[in-house]
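Everything below concerns the one structure shown next.
The values are calculated or read from the model by the stated rules, or taken from the named source; none is laboratory data. What you are looking at is a predicted structure, and each value in this text was computed from that prediction instead of being measured. Backbone-built Cβ (ideal geometry, glycine too); neighbour counts: all protein chains shown. Accessible surface areas use protein heavy atoms only, side chains included; no ligands, DNA or RNA. Shrake-Rupley method; radii C 1.70, N 1.55, O 1.52, S 1.80 Å.
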Amino acid sequence: MTDALAATRSRLCDYALALGDDCLILSHRLSEWTGNAPDFEEDVALSNLALDLLGQARGLLTHAGELEGSGRSEDDLAYWRDDLQFRNLILVEQPKGDFAWTVTRNLLFSTYQELLYQELSQSAEPILAGIAAKGALEASYHCEHAALWTARLGDGTAESHQRMEQALMALWPLTGEMFELAPGQAELVSAGLAVDPSLVLEQWQLRVGEKLQDATLSIPRVPQRRCQGRLGFHSEHLGHLLAEMQHLHRSHPDASW
Amino acid sequence: MTQSSGLPLWEIFVRSRRGMSHIHVGSLHAADWEMAVQNARDLYTRRGEGVSIWAVAATEIHASDPDDKGPLFDPPADKVYRHPTFYEVPEDLKL
Amino acid sequence: MEQMVDDSLEDAFQHRIDAEVKIEPRDWMPERYRASLVRQIAQHAHSEIIGMQPEGNWITRAPSLRRKAILLAKVQDEAGHGLYLYSAAETLGVDREALVDMLQTGRQKYSSIFNYPTLSWADVGSIGWLVDGAAITNQLALTHTSYGPYARAMVKICREESFHQRQGFELLWHLSHGTEAQHEMAQESVNRWWWPSLMMFGPPDHSSPNSEQSMRWGIKRVSNDELRRRFVDMTVPQARALGVLLPDPELRWNESTGHHDFGPINWDEFHRVVGGDGPCNAERLTRRRRAHEEGEWVREAARSWATRHVPARIEAA
């Protein structure tokens, strides 16, 4: 393998890891609702979202392991990295919060994911393109779920409206990170392998803005916070999440399940 | 009793594949039809059982009275000629 | 006069049952048949809903992503099955919200097995293999129950649950054939779940108060003891294949009956747990109530929205 090819593979591996970690961590947060949702119908719906994202995470982590070429499996990557090695957005690791919080995060993330994956499904890297094409369909369904609830909570009761506003105020400042190009990715973008997320920012704002407007909500006027999840610098929440997720697997290092 | 907090009941019909009729699969609760359809997709087609869903407000369903079973359903029972098995055809013939 | 009419209706009803004709929602039925069905179906639905908790306890800690996906799908199915069953109960003229209220205030029961805690990952396997195995034995018999909507829900549930027991067996198989610590984990778990699983079929036939009438009405098709016997006969060879021991020194094949003999069940424990004094009774109900109460503002918002908006219709086709 030439050095240039090896460098590209290593960058693609980081890229797939970042996308995979988003799915893995958000899936974990959504799965915390199973058995605790506002209605039984919603237990089923939220579990579906969590399952879709877990499926995407497994595809992406498996692919990252292949690109890395070191033989690490999806489980090695999920269970044996520490929080500084995770590349997910700060947004997705935030606690599950109340239902308004979950709906708001789903709206912000799934709209982003659908737009991003639609672009990525054109990638010159066929496996990534395939994962993205399937993921975009699932994300569009997640958007629909989030939009239905955004309308009903935003324009529901005074309490539900207020809860949505609070969630928006807290989560909006974490969205800027979604549109930043991580270091080393510019080469992938110019080679047609990855997507520059800043390209979908405008459309994202438009679509999210419309959904919020339908729900008598609006984009909050708050500054973006500086987030560096893509560099491995997370909030304190991630460590606790990983402790829970990884402890059993790590307690039996030589076991298979 | 907290009965008032329940959401309306919807009867759900699923077309399992093209060429088939919608078939009643059960019910669920939702505040409006859009949520009902959304929930039905998750609940009744988790294993890819459907291509089309109808949600009908349970209050909008009008049923025949089972006590009318006599007048409503008996006459067809003696019109056996409506059923294909009424007709004898040679056994080796595919019809 | 009215009594005579009822008697003749009841005779006709019993004839129908005896002829294996299904009873459907708007048919005439004796009030006690209706009440009995509501109680049984609701209890069954509640069991699915409460049953989400012990296994849900391990979703965020599943030791591989594959196991996590399986477990999540399984617990999701349980919510779905609860809904199918509530849906069947509602055809009898009761409201789901009222039934859920009965559950949450302790006036209706759910299967006592879910009052035991899941203390290790192997418990997810034991629940799948033993608890779901016992449930399926019971549910397969119920696919022939006399009430149409209940029977149809059972058919759907049995079809979907076929993977539940298999995944439990497979999970335990990996443990019992894994490291020493994993094998121990599997055996320890089976030790805890075996006897409670046998209790799931309910008290022995001679002391089961409602059974006889339920059998006559075709609500219950097979007796508690007969189901328990079927379950034991089915499970013993599976345990051998798994490489785990069932914790009963008296368990052995009886050539003359063609079935397994097994030791006495601790019915005191059964009655204590049913009566509310199990390891997790309070936690299970508290958590159920909390989810319901915390969801109230959401349901309220959805209701409020629906009174002011009618989503644009799409044409049915």
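Please enumerate the residues belonging to the stretch A:69-98 that are of a type in the set (A, V, I, L, M, F, W, C) and either without any contact (Cβ under 8 Å) to a residue 24 or more places away in the chain or in contact with an Asp or Glu (Cβ under 8 Å, 6 or more places away or on another chain) (or both). Passing the criteria: A:86, A:89, A:90, A:91, A:92. Among the residues in the stretch C:99-108, are any within 15 Å of residue C:125 (Cα to Cα) and at pLDDT 95 or above? No, because not a single residue in the stretch C:99-108 is within 15 Å of residue C:125 (Cα to Cα) and at pLDDT 95 or above.
Take the residues in the stretch C:258-317 that are among the basic types (Lys, Arg) and surrounded by 18 or more Cβ atoms within 10 Å (Cβ to Cβ), then tell me which one is farthest from the other protein chains (Cβ to nearest Cβ). Applying the filter and picking the extreme gives C:284.
Of the helices (runs of 4 or more DSSP H) lying entirely inside the stretch A:165-257, those carrying at least 3 residues that are within 16 Å of residue A:111 (Cα to Cα) and open to solvent by less than 30 Å² (accessible area, probe 1.4 Å) are A:201-214. Within the stretch A:25-40, residues that are at the interface with chain C (Cβ under 7 Å from one of its Cβ atoms) have Cβ atoms under 8 Å from residues that are outside any helix (DSSP H, G or I) and at pLDDT below 95 in these pairs: A:39/B:7, counting only partners at least 6 apart in sequence or on another chain. When residues in the stretch B:51-65 are screened for being outside any helix (DSSP H, G or I) and either open to solvent by 70 Å² or more (accessible area, probe 1.4 Å) or within 14 Å of chain A (Cβ to nearest Cβ) (or both), 6 of them pass. Among the residues examined, residue A:171 qualifies as away from chain C (no Cβ under 14 Å) and within 23 Å of residue A:46 (Cβ to Cβ). Could you list, ordered by first residue, the pairs with Cβ atoms under 8 Å in which the first is in the stretch C:172-193 and under 13 Å from residue C:239 (Cα atoms) and the second is basic (Lys, Arg), at least 6 apart or interchain? Going by the 8 Å Cβ cut-off, there are no qualifying pairs.
Scan the stretch A:95-110 and give yes if some residue there is charged (D, E, K, R) and open to solvent by less than 40 Å² (accessible area, probe 1.4 Å), otherwise no. Checking the stretch A:95-110: at least one residue is charged (D, E, K, R) and open to solvent by less than 40 Å² (accessible area, probe 1.4 Å).
Could you tell me whether residue A:7 is small (Gly, Ala, Ser), surrounded by 24 or more Cβ atoms within 10 Å (Cβ to Cβ) and more than 13 Å from every other protein chain (Cβ to nearest Cβ)? The answer is no for residue A:7. Residues in the stretch C:1-52 that are in contact (Cβ under 8 Å) with a residue 40 or more places away in the chain, closer than 30 Å to residue C:122 by Cβ and open to solvent by 10 Å² or more (accessible area, probe 1.4 Å): 3 in all.
For residues that are facing another protein chain (nearest Cβ under 7 Å) and within 13 Å of the chain's Cα centre (by Cα), tally how many sit in the stretch C:84-94.
Number of matching residues: 1.
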